[in-house]
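Each reported figure results from applying straightforward, stated rules to the coordinates on display, with no laboratory input. These numbers were taken from a predicted model, which means no experiment stands behind them. Glycine also receives a Cβ, built like all others from the backbone with ideal geometry; neighbour counts cover every protein chain displayed.
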């Protein structure tokens, strides 16, 4: 009886494997296809995320640009007092104005005390700042602070401090 028992058991096992294979092979094919699809979608999403980040960076850079037409910049009157009043109206420090324009804090101080005059791109940026409000200035400062390394944000921080 042992041989018949063993033969039946092996036949049942063989048939069960055959049924399992017939059921699982199509599922395995489907799983492989789905994995390929998910992989392709991941690559697409990564590429779109990269493009989105680049687009956002370009948009932020465009918003942070302060520029006026050269004719308007040359015709504008920028006396030391007007620069001080502009800074007060915008509610920014000399360091923040320097960050907005893209110069050092000392340059802004020199403009305000009449030791130097803003020229070229700096003059255009100051003329453009006349058209901007406090909220926009805070937004531009935030985008410039987010886009620059920490050592570039402080200007002359730590040096030449008055006591």
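At 0.36 nm per residue, minus the direct Cα-Cα distance, what do residue 25 and residue 7 gain on full extension? Give it in nm, one decimal, please.
Fully extending the segment from residue 25 to residue 7 adds 3.8 nm.
Springs between alpha-carbon atoms under 10 Å, Gaussian network over the chain: tell me which of 31, 132, 45 tops the mean-square fluctuations.
Between 31, 132, 45, it is 31 that shows the largest mean-square fluctuation.
Quick one: if the Förster radius is 22 Å, what FRET efficiency do residue 18 and residue 39 give, using the C-beta to C-beta distance and rounding to 0.05?
0.10
Does anyone have the angle between helix 134-147 and the longest principal axis of the chain? Alpha-carbon axes, 0 to 90°, nearest 10?
Tilt of helix 134-147: around 60 degrees.
Ratio of Rg to Rh for region 70-153, alpha carbon only, Kirkwood?
0.95
Rg to Rh for the chain: what is it, with Cα atoms only and Rh by Kirkwood?
1.60
Helix-only mean residue ellipticity at 222 nm, the chain, DSSP H runs n ≥ 4 weighted -39,500 (n - 2.57), per residue, nearest 500. What is it?
-25000 deg cm²/dmol
Please work out how much length the chain gains when fully extended from residue 49 to residue 134, using 0.36 nm per residue of separation minus the C-alpha to C-alpha distance, in nm with one decimal.
Full extension of this stretch gives 27.4 nm more.
Rounding to the nearest 10 and keeping the result within 0 to 90°, find how far the Cα-based axis of helix 2-64 lies from the longest principal axis of the chain.
Here the helix axis deviates by roughly 10 degrees.
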